[in-house]
Amino acid sequence: MNILVPNLGSTSLKYQLIEMPAERTLAHGRLERVADFRAAIGEIDTGGAAIDAVAFKAVLAGPRYCGTFVIDDELIAALEEYLPAAPVHNAIYLTGIRAFRDAMPGVPLVAAFEPEFHSTMPEYAVRYGVPAVWREKFGVRRYGYHGASHQYVSQRAPEILGRPRENLRLVSCHLGGSSSMCAILNGRSIDTSMGFSPQSGLENATRHGELDAFAVLYMMERNGWTVADVRPQLAQTGGLAGLSGIAGGDVRDLEKAAAEGHRDAALALDVFTYQVRKTIGAFAAAMGGLDAIAFTGGIGENSPRLRAASCAGLEFLGVKLDAARNEAGAGDRIVSAADSNVGVVALATNEELVVARRAYGRLASSNCSLR
């Protein structure tokens, strides 16, 4: 079965066509400056291979949808219901799902929701101290995101280290324009930095991270702002962009500016790496120790400076980077010192492969015919 996995951005469409269960990539590509997803679908080049199903890396549709599902009208309605909590992500995927539905009638569409990998978190790590009706009627709880990436890391990092997943206490650091971390004990998520929405935890490029909700209420009351006034400020000009004053909050731009003496850019990077270090320590406590750290995502995989700063001061946990390994090399690799008690790796994630695996499993267990 050939499964197309589109990774949708606000104006971009990355994709992989993966033959399952062989897990062979038949085609891949990236379309930029997309203004019309329906038109972009027609530009997908599969090299002549058929598309038997389309699988999406969906984000938030409430507690009912924390797994992998064949898309129907009820699922689409749930995505719309939770649109205010994940306005950017859900809007993009609603547009994409409808476009593929129109362009490929009869082709099964599957949603592999990001919180699925985090469904193993214990109840005490999931619940917020909010009124019961918030949880029971409106689904307010910690969901966690980047699940496909953290799941891939849970499988790939032990392979790089030559250790079994069992009895491995691993912290996965997905660091990029959107960043989150996950405590993975024996291959299962037990805690994660993102919560109810993707706008929580670590600072993101333009989205704020952890924030006291009463700070938002205070600013709304002082300025007479509506929700519509506040949302774009927090989602588009917050995070590393808000800390540094540099539009877009791209870490590459911040590192360049910091090297040139830009104080706020340097401070933004310090805030970010402090959050990563602090979260590693917290997750080590949650797991009763630490055996490995994995860095992935655009920043985690490609920024030696950020990896070094994120690990600095963690020697008490047994973390010791090898400066030469950390600075050199490419691809999946170990960057910790030979005598480090904690293995540290940098790797390229493959969210599309995880989504294809989930979709194939779901379709294989349903009435959909498989080729």
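All of the numbers you see were taken from the coordinates with simple rules; none came from a lab. Model, not experiment: these values are computed from the prediction. A quick note on method: Cβ atoms are made from the backbone with ideal geometry, for glycine too, and the neighbour counts reach across all protein chains shown.
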Cross-link list K57/K137; K137/K278; K256/K320; K14/K320; K57/K320: which exceed 31 angstrom alpha carbon to alpha carbon? K137/K278; K14/K320; K57/K320
Can you put T279, T273 in order of Cβ neighbours within 10 angstrom, beginning with the fewest? T273, T279
From phi via Karplus (6.51, -1.76, 1.60), per-residue ³J(HN,Hα) for the stretch 54-71 in Hz, x at Gly/Pro: 10, 10, 10, 8, 6, 10, 9, 9, x, x, 5, 10, 10, x, 10, 9, 6, 6
Is it possible to state the helix-based mean residue ellipticity at 222 nm for the chain, with each DSSP H run of 4+ residues giving -39500 (n - 2.57), the sum divided by total residues, to the nearest 500 deg cm²/dmol? What is it? -12000 deg cm²/dmol
Identify which of R169, R30, R207 has the largest mean-square fluctuation in a Gaussian network model of the chain, with springs joining Cα atoms closer than 10 Å. R30
Report the label-to-label distance for R188 and V107 in nanometres (one decimal), using points 7 Å from each Cα along the Cα→Cβ vector. 3.7
Which residue fluctuates the most in the chain, going by a Gaussian network model with Cα springs under 10 Å, if the choices are L83, L170, L211? L211
Going by C-beta contacts inside 10 Å, put S172, S336 in order with the fewest on the left. S336, S172
About the Cα centre of the stretch 163-346, what is the dipole size in debye to 20, counting +1 per Lys and Arg Cβ and -1 per Asp and Glu Cβ, all else neutral? 280
Under the rule of at least 5 residues apart or a separate chain, name every residue whose amide H is placed under 5 Å from the amide H of N341. K320
Report, by chain and number, residues whose modeled amide H sits under 5 Å from the one on G9, excluding near sequence neighbours (fewer than 5 apart, same chain). K14
Please report, for the Cα atoms of the stretch 133-208, the Rg to one decimal and the Dmax as a whole number; what are they, in angstrom? 14.0, 47
For the stretch 163-346, with equal point scatterers placed on the C-alpha atoms only and solvent neglected, what are the log10 I(q)/I(0) values from the Debye formula at q = 0.08, 0.19, 0.20 1/Å, to two decimals? -0.27, -1.26, -1.35
Along principal axes, largest first, the alpha-carbon spread of the chain in whole Å comes out as 56, 56, 44
Looking at the chain, send over the antiparallel percent of its DSSP beta bridges, to the nearest 5. 65
Given the options M181, M104, M121, which has the most mean-square fluctuation in a GNM of the chain, springs set between C-alpha atoms less than 10 angstrom apart? M104
Here the stretch 285-291 yields Karplus 3J(HN,Hα) values (6.51, -1.76, 1.60; θ = phi - 60°; whole Hz; Gly and Pro given as x) of 5, 5, 9, x, x, 8, 10
Applied in sequence order to the stretch 89-102, the curve 6.51 cos²θ - 1.76 cosθ + 1.60 (Karplus, θ = phi - 60°) yields integer Hz couplings, x standing for Gly and Pro, of 5, 5, 4, 5, 6, 4, 4, x, 4, 5, 5, 5, 4, 6
Using only alpha carbon pairs under 8 Å that are at least six residues apart, calculate the relative contact order of the chain and give it in whole percent. 16
Per-residue Cβ neighbour rank within 10 angstrom, fewest leading, H28, H150: H28, H150
What's the local net charge at A125, with K and R +1, D and E -1, over the other residues with C-beta under 13 Å away? +2
A228 to R38: extension gain in nm, 0.36 nm per residue of separation minus the Cα-Cα distance? 65.6 nm
